[in-house]
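Here is the structure we will look at.
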Amino acid sequence: MPLDTTTLAPKAREEYLRIGKQFGSTDTLNQANKTLEALQKYGPALKHHGFNAADGARLSEARGALIDAGVGRAEVAGQRKLTNIGFVAALKEGKSARETARSILHTGRNTLEEKGNEGAANLITVALDQTRASQDDAEKLAVQLDTLRDALQREDVTAVVGDRGGPEAVARLGQAAGTLRAAAKERAGASTVAATEQLDLLDGIVVSLARSARKAARAAARESKQPALAAAFELTHLYGPRGDRSQAPEETSGAPG
């Protein structure tokens, strides 16, 4: 039966969208194919480790929805979510720039507090609080980068971060924010907002199910001492070979049930 995403609880929908924005639909489709192929061989072994036949059927439905949406067709691949590669790269760079800037500001705040400049130290605290949680929304992340950049450019802050990477961080934050906004604009122009959101939602469901299947496979493999079982469910289409874990922090995010 077709996958019905209209019945998803708002919180679950939001989480699936957050996850889905991080991946291209071609990659999630390929991962769905790999995981479903592995389930044909090892499915029964996963049943008592958290992933049953109903979960497999849901993954199959999500894959079918991606195919129905045109993912995998060459003519569609050139139009829909092709810009996702640049979008994800922009998010990754934005988060990295954000982390560096926050580190510099943490040190700067300590120095300012030692000097008794509580006003500037408090300003940094506010900026750090406002950028505490990383965002997967391009505009929200860009606003965070603007906030950090403004804090770094204050004269009293500049005086203590000038030799701690402050100027370089200011330039990087400005460039990263601009790239984020450009990538978001390009991505929005590639398809309608509704179509992109639906693809993100399907991607998020596929990724969550594939992760769950892999966790169950690892548990089953340990119990049965069958390394090949775990290997069959590796998320190679999402993260590359096991040696490439550049996206591992995102992978640990909890998936909605």
### Query
Short version: ³J(HN,Hα) in whole Hz for each residue of the range 201-213, in order, from phi by Karplus 6.51 cos²θ - 1.76 cosθ + 1.60 (θ = phi - 60°), x for Gly and Pro, what are they?
4, 5, 4, x, 5, 4, 4, 4, 5, 5, 5, 4, 5
### Task
First measure r as the distance between the Cβ atoms of Arg154 and Glu93, then evaluate 1/(1 + (r/R0)^6) with R0 = 25 Å and state the FRET efficiency to the nearest 0.05.
0.55
### Taking the range 81-175 and dividing mean pair separation by its residue count, relative contact order in percent (alpha carbons under 8 Å, at least six apart)
36
### Query
Can you flag which of Lys34/Lys92; Lys21/Lys215; Lys34/Lys95 are past 24 Å Cα-Cα?
Lys34/Lys92; Lys34/Lys95
### Summary
Highest mean packing first, using Cβ neighbours within 10 angstrom, the peptides 17-23, 117-123 sort as 17-23, 117-123
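Which order do peptides 194-205, 213-224 fall in by mean Cβ count within 10 Å, highest first?
Final packing ranking: 194-205, 213-224.
Every read-out reported here was derived from the displayed coordinates using simple, explicitly stated rules and does not represent laboratory data. Here the structure is a predicted model, which is why all the values come from computation and not from measurement. As a convention, Cβ positions derive from the backbone with ideal geometry for all residues, glycine included, and neighbour counts pool all protein chains shown.
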